[in-house]
Amino acid sequence: MKRILSVIVSLLCAFTLSSLADVKLPAVIGSHMVLQRAQPCPIWGWADPGEQVTVEFGSQKISVQAGADGTWRVNLRAMKANSKPQIMTVTGKNKIVVEDVLVGEVWLCSGQSNMEWTVGSSDNAKEELAAANHPRIRHIKIPHRPSDKPESDVSSDGWKLCSPETVKDFTAVGYFYGRTLMTELDVPIGLLGCNWGGTRIEPWTPPVGFQAVPALKQDFADKLSSFPEVTDKKDKEGKVELGADGKPIKQINHQTPLALYNGMVHPLVPFAIRGALWYQGESNNGEGMLYFEKMKALIAGWRSVWNNPRMPFCFVQLAPFTYGGDDSKLAGIWEAQTATLSVPNTGMAVTTDISNLKDIHPKNKQDVGRRLALWALAKTYGKRGIVYSGPLYKGMKAVGNKIELSFDHVGGGLVSRDGRPLSNFTIAGSDQNFVDARAEIIGKKIVVSSDAVANPVAVRFAMHQLAEPNFSNKDGLPASPFRTDTWPLVGFKAIFNGKNLDGWEGNPKLWSVVDGVITGKTSDEGDTKIKHNTFLVWKAGEVADFELRLQYKIVGGNSGIQYRSKVLEQGEFGPIVGGYQADFEAGKTYSGILYEERGRGILAKRGEKTVLKSDAAGKLKIEVTGSVGNSDTIQSKINNEDWNDYVVIAKGNHLQHFINGNLTVDVTDEDSAKAAKSGVLALQIHAGPAMTVQFRNIRLK
């Protein structure tokens, strides 16, 4: 019995000594990996203190002695790209064989869910998967793990060769980026998938990054010892959960500073990479230019820990999306992202033309990856003749009642992507009141004007969350949103959620939400054949001075937008409303006029500038004091049975309507007894023949 115990003890000791003696590599160094070409490549790991470790790869053979803490590191000399699989051996008291190693270009792919989004969930997934026979593209996924200290390693299932079977789980942006690089450079591509949906920027940032940005000193750099946030884990009833040792189980808030750098990025350092791709910002929406400071911290931090002060950093400007609330918040992030281009060796892919207002995860990741790759090919790899950016605002010049805009990255010329008039331009005078504007391409410039602004001083382009503009260069790359002013970004509030009629009241047989838009529909028979005009009323309050923006489409009949109005009664077919109406129709007579429903009738025809007064007997007097444009010309710019932009501005007794950027009426209501100062907003269905009217992107300021 004693002899058996002795044997067991001896075996256990031998096993323990053998385990301690084993040379070990981090998860990021393994079979099928891609090493970065043209740079020294660190290879590191752990062994017994003082143990000699030898790394062999190709013609290189380097030995080193493990330090007192058991860590060791060698630097392979810079190598040329090599698509031929090679073997690396790492030998100490044991031997590790790392197979199928290529040499090419390696990129970190980080951010939140739009970077984590997979090929299998992207556009044309079936076709993309079937065609993904690209064994020179390799991907390693880093699992989600926050940590309260810098980790030396991370668990992973290793590097995967790109194939129709594996690519479905690759980062889609990274894959399409890598595929473009592989095709253009003819080298292997390695992708480090280090991302986590819904995360903020702060958890990814190293301490040295926060310390590099003065604007972040008080809130972050001076408080690094308190990050990340660690708390006691609680159950559903709020009770602290205890571990086997009777002590509270700790949990790390993965959204707090340092948490993901510690647990997911630090284990990858110093694996040699060419640069980083970044797709994030949704979770920091609303921070404005503070996000620029945080981007500077992230970039400086990663460049510092990788010891590469000029490491390329390419990022994606967020796509438009119906976030709700103040729609200028996203514009603030766009400004911060554009400002980040002032940091050397950065590039930005604009996505305003490939968005989905109903989905924060646009499925077209192919163009996102390709646009990032254009920046890299031109700026990192020195490829000539590549147009890698859409137009970026350069400068402005006021000329009379117009503003001329100039741009960098004009490429082959400026263009409207869909052949329609340029959209989403607004212009303002010194009163800071922005109105929809006409924008014309004149050579390499854009000339912006509006009949409503005689002396313009500022232009804004696509500075709201629902903007999907059509301005691009002829090379197919969209312009980035911008503004020429530095005034406060006072945004609009979305008053329709794009999902249902919460906050609105009307006859549910007539009003519904179809494909994300408010739809009013009547027929020529049954209970949807109406005998009186009826309305969908916004129930969140009354409006006084305001600006309303929406898009409408009408097929048949007549409709309108009620403002500063009153609900008079509940009719057979729903609410009956009276008051100012911004009219529109399927015909060619009434669109753009100011009509007073159940009141004074037509107050301004299309193209008129009028003043409303009353005589001693209280009878309405309409004085036509000028013109805001030719009625037929304005009508010719209204899209039949298609979407149109409608803007209503009410300020005091001054009322203006715009359709597709064209001022249609300008009214001053001096009829003090009848001029409405405030009232409800409502949308109309008109009695008469069957009709369908739709509204979307309804925003109020």
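The values are calculated or read from the model by the stated rules, or taken from the named source; none is laboratory data. Keep in mind that this is a model prediction, so the values were computed, not measured. Virtual Cβ from ideal backbone geometry, glycine too; neighbours counted across all protein chains shown.
For residue 199, the requirement of being among the hydroxyl-bearing types (Ser, Thr, Tyr) and either in a helix (DSSP H, G or I) or over 25 Å from the mean Cα position of the chain (by Cα) (or both) is not met. Test residue 491 against the stated conditions and say whether it is in the same structural domain as residue 564 (by TED's automatic domain parsing), within 24 Å of residue 657 (Cβ to Cβ) and of a type outside the set (Ser, Thr, Tyr). Answer is no for this residue.
In the set 618, 607, 578, 574, only one residue is in the same structural domain as residue 506 (by TED's automatic domain parsing), among the small types (Gly, Ala, Ser) and under 24 Å from residue 640 (Cα atoms); that residue is 607.
For every residue, the table says whether it meets (1) at pLDDT below 95; (2) hydroxyl-bearing (Ser, Thr, Tyr).
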| position | (1), (2) |
| --- | --- |
| 488 | yes, no |
| 491 | yes, no |
| 516 | yes, no |
| 522 | no, yes |
| 539 | no, no |
| 542 | no, no |
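Of the residues 226, 152, 163, 156, the single one that is farther than 30 Å from residue 45 by Cβ and in the same structural domain as residue 295 (by TED's automatic domain parsing) is 226. Scanning region 441-466 for residues that are under 25 Å from residue 608 (Cβ atoms) and not in a loop (DSSP other than H, G, I, E, B) turns up 448, 449.
Please note which strands (runs of 3 or more DSSP E) are completely contained in region 592-701 and include at least 3 residues that are more than 15 Å from residue 582 (Cβ to Cβ) and touching an Asp or Glu at 6+ places or on another chain (Cβ under 8 Å). Correct list: 608-614, 620-627. Taking the criterion of being part of a loop (DSSP other than H, G, I, E, B) and either in contact with a Cys (Cβ under 8 Å, 6 or more places away or on another chain) or among the basic types (Lys, Arg) (or both), the only residue of region 556-591 that qualifies is 588.
Residue count for region 241-268 satisfying the condition of being more than 17 Å from residue 143 (Cβ to Cβ) and of a type outside the set (S, T, N, Q): 12. Please verify whether region 80-87 includes one or more residues that are touching an Asp or Glu at 6+ places or on another chain (Cβ under 7 Å), within 20 Å of residue 38 (Cβ to Cβ) and either in contact (Cβ under 8 Å) with a residue 40 or more places away in the chain or assigned to a strand (DSSP E or B) (or both). Scanning region 80-87 turns up at least one residue that is touching an Asp or Glu at 6+ places or on another chain (Cβ under 7 Å), within 20 Å of residue 38 (Cβ to Cβ) and either in contact (Cβ under 8 Å) with a residue 40 or more places away in the chain or assigned to a strand (DSSP E or B) (or both).
Residues in region 450-460 include at least one that is within 24 Å of residue 337 (Cβ to Cβ), surrounded by 22 or more Cβ atoms within 10 Å (Cβ to Cβ) and touching a Ser or Thr at 6+ places or on another chain (Cβ under 7 Å). All of 553, 499 fail the test of being in a strand (DSSP E or B) and among the basic types (Lys, Arg), apart from 553. Restricting 637, 674, 651 to those that are in contact (Cβ under 8 Å) with a residue 24 or more places away in the chain, surrounded by fewer than 20 Cβ atoms within 10 Å (Cβ to Cβ), over 28 Å from residue 327 (Cα atoms) and not assigned by TED's automatic domain parsing to the domain that holds residue 470 reduces the list to 674.
Among the residues making up region 534-550, those that are in contact with a strand residue (DSSP E or B) (Cβ under 6 Å, 6 or more places away or on another chain) and not in a strand (DSSP E or B) are 539, 542, 545. Inclusion of residue 231 among residues that are loosely packed, with under 14 Cβ neighbours inside 10 Å, modelled with pLDDT of 95 or more, farther than 26 Å from residue 318 by Cα and not acidic (Asp, Glu) is not warranted. In region 485-514, the residues that are more than 23 Å from residue 572 (Cα to Cα) reach residues that are among the aromatic types (Phe, Trp, Tyr) and surrounded by 18 or more Cβ atoms within 10 Å (Cβ to Cβ) with C-beta atoms within less than 7 angstrom, at least six apart or across chains, in these pairs: 495/538. Restricting region 543-595 to residues that are in contact (Cβ under 8 Å) with a residue 60 or more places away in the chain and either touching a Pro at 6+ places or on another chain (Cβ under 8 Å) or over 30 Å from residue 424 (Cβ atoms) (or both) leaves a set whose member that is surrounded by the most Cβ atoms within 10 Å (Cβ to Cβ) is 577. Restricting 35, 12, 25 to those that are at pLDDT below 95, out of contact with any helix residue (DSSP H, G or I) (no Cβ under 6 Å at 6 or more places or on another chain) and of a type in the set (A, V, I, L, M, F, W, C) reduces the list to 12. What do you reckon, is residue 207 touching a Pro at 6+ places or on another chain (Cβ under 8 Å), in contact (Cβ under 8 Å) with a residue 60 or more places away in the chain and either more than 17 Å from residue 294 (Cβ to Cβ) or in the same structural domain as residue 109 (by TED's automatic domain parsing) (or both)? Judged against the criteria, residue 207 is not a match. Would you say residue 411 is surrounded by fewer than 22 Cβ atoms within 10 Å (Cβ to Cβ) and without any contact (Cβ under 8 Å) to a residue 40 or more places away in the chain? It is false that residue 411 is surrounded by fewer than 22 Cβ atoms within 10 Å (Cβ to Cβ) and without any contact (Cβ under 8 Å) to a residue 40 or more places away in the chain.
Restricting 687, 682 to residues that are more than 30 Å from residue 616 (Cα to Cα) and surrounded by fewer than 18 Cβ atoms within 10 Å (Cβ to Cβ) narrows the list to 687. Here residue 276 does not qualify as among the hydrophobic types (A, V, I, L, M, F, W, C), outside any helix (DSSP H, G or I) and not assigned by TED's automatic domain parsing to the domain that holds residue 182. For the residues 637, 701, the requirement of being over 25 Å from residue 557 (Cα atoms) and among the basic types (Lys, Arg) singles out 701. Criterion applied to 369, 395 was being farther than 30 Å from residue 438 by Cβ, at pLDDT 95 or above and not in a loop (DSSP other than H, G, I, E, B), and the one residue passing it is 369.
Is it true that residue 398 is aliphatic (A, V, I, L, M) and surrounded by fewer than 17 Cβ atoms within 10 Å (Cβ to Cβ)? Taking the combined requirement at face value, the residue satisfies it. One residue alone among 100, 153 is touching a residue at least 40 places away in the same chain (Cβ under 8 Å), surrounded by fewer than 23 Cβ atoms within 10 Å (Cβ to Cβ) and on the phi > 0 side of the Ramachandran plot, and that residue is 100.
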